[in-house]
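The values are calculated or read from the model by the stated rules, or taken from the named source; none is laboratory data. Only a predicted model underlies this, so the values are computations on that prediction, with no experimental measurement involved. Cβ: placed from backbone, ideal geometry, glycine included. Neighbour counts: every protein chain shown. To get the accessible areas, we keep the full protein, side chains included, count just its heavy atoms, and leave off ligands, DNA and RNA. Shrake-Rupley method; radii C 1.70, N 1.55, O 1.52, S 1.80 Å.
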Amino acid sequence: MLKPGGTLIYATCSVEPEENELQVAAFLGRHPEFEASPIPAGFPAPFLPAETGDGWLLTLPGEREGFDGGFAARLRKTEA
């Protein structure tokens, strides 16, 4: 029900790949109308060091003060 050009955020309070990166990869494999979308400019600085190579966010427990484990991916529905 997301319109073309819309953004979908997938986020968990888990650090397990099978609940995060692997879920996003499987979703993208089943839904070619979506693509990974990089973190936008102006994103809050405390999160930027946690960005993964795919443009997703991953925080690990104890890694930084005030952060627990979590994951987020930004996906965009293509115009086609």
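Please report, as a whole percent, how much of the solvent-accessible surface of the chain comes from carbon and sulfur atoms (probe radius 1.4 Å). Spell out each step's value before the answer.
Working: 3080 of 5110 Å².
Accessible surface attributable to carbon and sulfur in the chain totals 60 percent.
When Lys and Arg each count +1 and Asp and Glu each count -1, what net charge do the other residues less than 10 Å away from LYS77, Cβ to Cβ, add up to?
On the way: positive: LYS3, ARG76; negative: GLU33, GLU35, GLU79.
For residues surrounding LYS77, the net value is -1.
Could you give me the ³J(HN,Hα) list for the stretch 9-17, computed from phi with Karplus coefficients 6.51, -1.76, 1.60 and θ = phi - 60°, whole Hz, x at Gly and Pro?
10, 10, 9, 9, 9, 10, 10, 7, x
Hey, can you find the accessible area per residue of the chain for me, probe 1.4 Å, expressed in square angstrom?
On the way: 5110 Å² over 80 residues.
Computed with neighbouring chains in place, this is 64 Å² per residue.
Give me the angle, in degrees from 0 to 90, between the Cα long axis of helix 21-30 and the longest principal axis of the Cα atoms of the chain, rounded to the nearest 10.
0
Using C-alpha positions alone, give me the convex hull volume of the chain per residue in cubic angstrom. If you can, show how the numbers build up before the last one.
Working: hull volume 8.0 nm³, N = 80.
So the per-residue hull volume is 100 Å³.
If you take every residue apart from GLY29 with its C-beta less than 13 Å away from the C-beta of GLY29, what net charge results, scoring Lys and Arg +1 and Asp and Glu -1?
On the way: positive: ARG30; negative: GLU21, GLU33, GLU35.
Combined, the nearby Lys, Arg, Asp and Glu give -2.
What residues have an amide H closer than 5 Å to that of PHE34, excluding those fewer than 5 places away on the same chain, when H is modeled at 1.01 Å from N in the peptide plane?
Residues meeting the criterion, in which the H sits 1.01 Å from N, are THR78.
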